[in-house]
Amino acid sequence: MKPSSQRILTINGGSSSIKLALFEHGKSLDLILKGGIERIGLPNAIFSAKGANPADSFSLPITAPDHTAAVSVLLDWIGKRSDTDALCAVGHRVLQGGPKYYRPQRITTEMITELRQLSPFDPDHMPEEIELIEAFRERFPKLAQIACFDTAFHHDLPRVAQLIAIPRRYEGQGIRRYGFHGLSYSFLLEELGRLAGGKAARGRVIFAHLGNGASLAAVLNGKSFDTSMSFTPASGVPMSTRSGDLDPGLVSYLGATEKMSAKEFNIMVNTQSGLLGISETSSDMRDLLKHEAEDVRAAEAVALFCYQVKKWIGAYAATLGGLDTLVFAGGVGENAPLVRTRICKGLEFLGIELDETRNAKSEGVISKVSNRAVVRVIHTNEELMIAKTVSQLLATERSKEN
């Protein structure tokens, strides 16, 4: 029996933003609108949306000094919409579920309690995500709330890729390589299969999700084989404001020389490092590319980013035993041809050579036809992946009821 409620809302909360999307709950999951609140905690916060119906599009300045205020604005807006009764579920991106939670499932009070205990795993994201979930459950108590975990794609990594080389007893506390951007990688793998066929999706694939947060994933036979982010999203390659991998000796050194606390160190590696830390000017790749000719700091930040991504591609090609497909995604991966060129330069030994005309246009395939490896640009869509996951879970639940 077809449910009367016909729409799925997806919520993706970050440290300074809340993204949302509304989809028709049907086979095609048509997008109704997409938007969110940006610059939470700053004086010029913006709430905007772009809808399939122009009447749904708007951009408004709001007062959002913290997540609590931003969530209140968002919930009031949802409550005033005429189609609120048409909602059948809300899908929440949840960054981390620890060893226990990784499959998509309905959110319960027990789950929230356990997620709150996991907040030390990622204090920069988890508290805000939990706050979002609780606010939605309180405002819409009868609406299905579904958790979609960003670590799920990597849950079954090979054992050797999960291990972190510290005393084994800490594994019992949940310390392992979890990996992130899983919703993005799930979507990209599906899209690769749709665009290039099942054989390509089951081949030796490296995904490079390069945005404000950046990571890479090695995929073999359609499953995650390794990934650059580890226990937290601060690890791996340098990012907009995150450091990526560091020498652990820096913790004790900065503690001794600058009296830097663990909390201060965490703030530094998550919000003051990466492109921003090296350039001292901007965390935005577009700004750095614009100024690299006259600012050596900007040039070095771009160079370090490209160098590190190239290193991970080479390492993953080694673990996979070769490379069939390289996929660029994310804001930088999809929209910065010059960055892709610099990353791929020197990887000819892996069968990678770009067609610079196609690359400049960010076409779907940007490698030369004669390449052994195919290089693609695929637009990722985490919100659609959340909606698909929610839709599949609801369908499974209905089939069990019938």
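Return yes or no: is residue 249 modelled with pLDDT of 95 or more and closer than 18 Å to residue 122 by Cβ? Answer is no for this residue.
Where the second residue is open to solvent by less than 100 Å² (accessible area, probe 1.4 Å) and of a type in the set (S, T, N, Q) and the first is touching a residue at least 24 places away in the same chain (Cβ under 8 Å) and at negative phi and lies in the range 284-301, which pairs have Cβ atoms under 8 Å and are six or more apart or on separate chains? Correct list of pairs: 284/240; 285/240; 301/279. Kindly check whether there is at least one residue in the range 127-146 that is without any contact (Cβ under 8 Å) to a residue 40 or more places away in the chain and crowded, with 19+ Cβ neighbours inside 10 Å. Yes; the residues of the range 127-146 include at least one that is without any contact (Cβ under 8 Å) to a residue 40 or more places away in the chain and crowded, with 19+ Cβ neighbours inside 10 Å. Only a single criterion out of (1) farther than 29 Å from residue 377 by Cβ; (2) modelled with pLDDT under 95 is not satisfied by residue 125, namely (1).
The criterion of at least 2 residues that are among the hydrophobic types (A, V, I, L, M, F, W, C) and in contact (Cβ under 8 Å) with a residue 24 or more places away in the chain is met, among helices (runs of 4 or more DSSP H) falling completely within the range 168-264, by 182-196.
Count of the range 46-67 residues, restricted to those that are more than 30 Å from residue 176 (Cβ to Cβ), in contact with a helix residue (DSSP H, G or I) (Cβ under 7 Å, 6 or more places away or on another chain), in contact (Cβ under 8 Å) with a residue 24 or more places away in the chain and not in a strand (DSSP E or B), is 2. Across the range 326-371, the qualifying residues are those that are open to solvent by 10 Å² or more (accessible area, probe 1.4 Å) and of a type in the set (Val, Ile, Thr), and the one among them that is farthest from residue 217 (Cα to Cα) is 357. Of all the listed residues (83, 150), the sole one being touching a residue at least 40 places away in the same chain (Cβ under 8 Å), buried (at least 21 other Cβ atoms within 10 Å of the Cβ) and among the charged types (D, E, K, R) is 150.
Residues are listed down the side, and each one gets a yes or a no for (1) touching an Asp or Glu at 6+ places or on another chain (Cβ under 9 Å); (2) not aliphatic (A, V, I, L, M):
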site	(1), (2)
9	no, no
19	yes, yes
29	no, no
63	no, yes
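Condition check: buried (at least 18 other Cβ atoms within 10 Å of the Cβ) and part of a loop (DSSP other than H, G, I, E, B). Does residue 269 satisfy that? No; evaluated as a whole, the condition is false for this residue.
Taken over the range 30-45, the criterion of being in a loop (DSSP other than H, G, I, E, B) and surrounded by 17 or more Cβ atoms within 10 Å (Cβ to Cβ) is satisfied by 40, 45.
I'd like to check which helices (runs of 4 or more DSSP H) are fully inside the range 85-166 and have at least 1 residues that are under 20 Å from residue 68 (Cα atoms).
Numbers: elements: 109-117, 126-139, 159-162.
Qualifying helices (runs of 4 or more DSSP H): 109-117, 126-139.
The residues of the range 18-28 that are surrounded by 18 or more Cβ atoms within 10 Å (Cβ to Cβ) and either on the phi > 0 side of the Ramachandran plot or not in a strand (DSSP E or B) (or both) amount to a single one, 25. Scanning the range 286-305 for residues that are within 11 Å of residue 238 (Cβ to Cβ) and buried (at least 20 other Cβ atoms within 10 Å of the Cβ) returns 301, 302, 305. Say whether the condition of being without any contact (Cβ under 8 Å) to a residue 60 or more places away in the chain, in contact with a Leu (Cβ under 6 Å, 6 or more places away or on another chain), among the small types (Gly, Ala, Ser) and within 23 Å of residue 305 (Cα to Cα) is met by at least one residue in the range 368-391. Yes, some residue in the range 368-391 is without any contact (Cβ under 8 Å) to a residue 60 or more places away in the chain, in contact with a Leu (Cβ under 6 Å, 6 or more places away or on another chain), among the small types (Gly, Ala, Ser) and within 23 Å of residue 305 (Cα to Cα).
The values are calculated or read from the model by the stated rules, or taken from the named source; none is laboratory data. Here the structure is a predicted model, which is why all the values come from computation and not from measurement. Neighbour counts are summed over all protein chains in view; Cβ atoms, including those assigned to glycine, are modelled from backbone coordinates with ideal geometry. Protein only, heavy atoms only, side chains kept; ligands, DNA and RNA dropped before computing areas. Shrake-Rupley method; radii C 1.70, N 1.55, O 1.52, S 1.80 Å.
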